[in-house]
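**Student:** A single structure is presented below for examination.
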Amino acid sequence: MLIHPWDAPRDDTEWQHWLTTHDFGQLAVNGLPGDPPYVQPLHFVYDPDDGEHGTALTHLARPNPMWPALEAAPHVVLSIVDDYVYVPGPWQAPPDTPPEHGVPTSFYAAVQLHCTAHIVDDPTEKATVLNRQLTHFQPQGGSAPVTTDDTPYDRMLPGLRGLRLEVTAVRAKFKYATHRPEEVQNRIVTNLATRGGPHDEAARQHQLSRRGIWPPAS
């Protein structure tokens, strides 16, 4: 992933805060010799305080075909992309330039966590992983806690394996044209608000935030 200086996070807090509300990604695992790589969509819980770069916790079904590859090569990448929009060319036209000379582009936020995967098979430790996920994704409760000796999870735990993804490096990018002239940025902000597409408001907030003007003063 190419990261220009103007697209780099301002500090670790920016991408860590973004991960608190973006907790679904794709786990990329090298395949065994002769096999293609695996890419597994999954929910995860990121803990920034566990280790130098944090830790992500998740689980997968035991029949998942990627386990032998993970055991052979535990160095993996967890990739998260969201808040993406298509930016039409005229929106990006430089000042005093015909609108049709503007170049279209994509805006997006992306975080790539390079990890060492640790497989969790101990029943008690698996229950801990699952309870951490339940607490994160279902804070309102409503489900029985995961235990090793009570229904319904006692019978399900053998069919799952936990994953503790120890983050060893992070690559993050927030591509929102903050290197463009202010006139162009203001035009894009206005057009995102007017268009009102699925991710337009999130992209608009990123652009304003990275200029230091979001949230607006009360």
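**Student:** Looking at Ala109, Ala56, Ala93, can you tell me which residue is surrounded by 15 or more Cβ atoms within 10 Å (Cβ to Cβ), touching a Pro at 6+ places or on another chain (Cβ under 9 Å) and of a type in the set (A, V, I, L, M)?
**Tutor:** Matching residue, one of Ala109, Ala56, Ala93: Ala93.
**Student:** From Asp11, Asp83, Asp23, grab the single residue that is under 29 Å from Gln207 (Cβ atoms), crowded, with 18+ Cβ neighbours inside 10 Å and among the acidic types (Asp, Glu).
**Tutor:** So the residue among Asp11, Asp83, Asp23 that is under 29 Å from Gln207 (Cβ atoms), crowded, with 18+ Cβ neighbours inside 10 Å and among the acidic types (Asp, Glu) is Asp83.
**Student:** I need a count of the residues in the stretch 64-99 that are at pLDDT 95 or above, within 19 Å of Thr190 (Cβ to Cβ) and charged (D, E, K, R).
**Tutor:** So the answer is 1.
**Student:** Within the group Pro104, Pro74, which residue is in contact with a strand residue (DSSP E or B) (Cβ under 8 Å, 6 or more places away or on another chain) and without any contact (Cβ under 8 Å) to a residue 40 or more places away in the chain?
**Tutor:** The conditions single out Pro104.
**Student:** Tell me the residue from Ala177, Ala172 that is assigned to a loop (DSSP other than H, G, I, E, B) and surrounded by 15 or more Cβ atoms within 10 Å (Cβ to Cβ), please.
**Tutor:** Every option except Ala177 fails the conditions.
The values are calculated or read from the model by the stated rules, or taken from the named source; none is laboratory data. Nothing here was measured: the structure is a model prediction, and the numbers come from that model. A quick note on method: Cβ atoms are made from the backbone with ideal geometry, for glycine too, and the neighbour counts reach across all protein chains shown.
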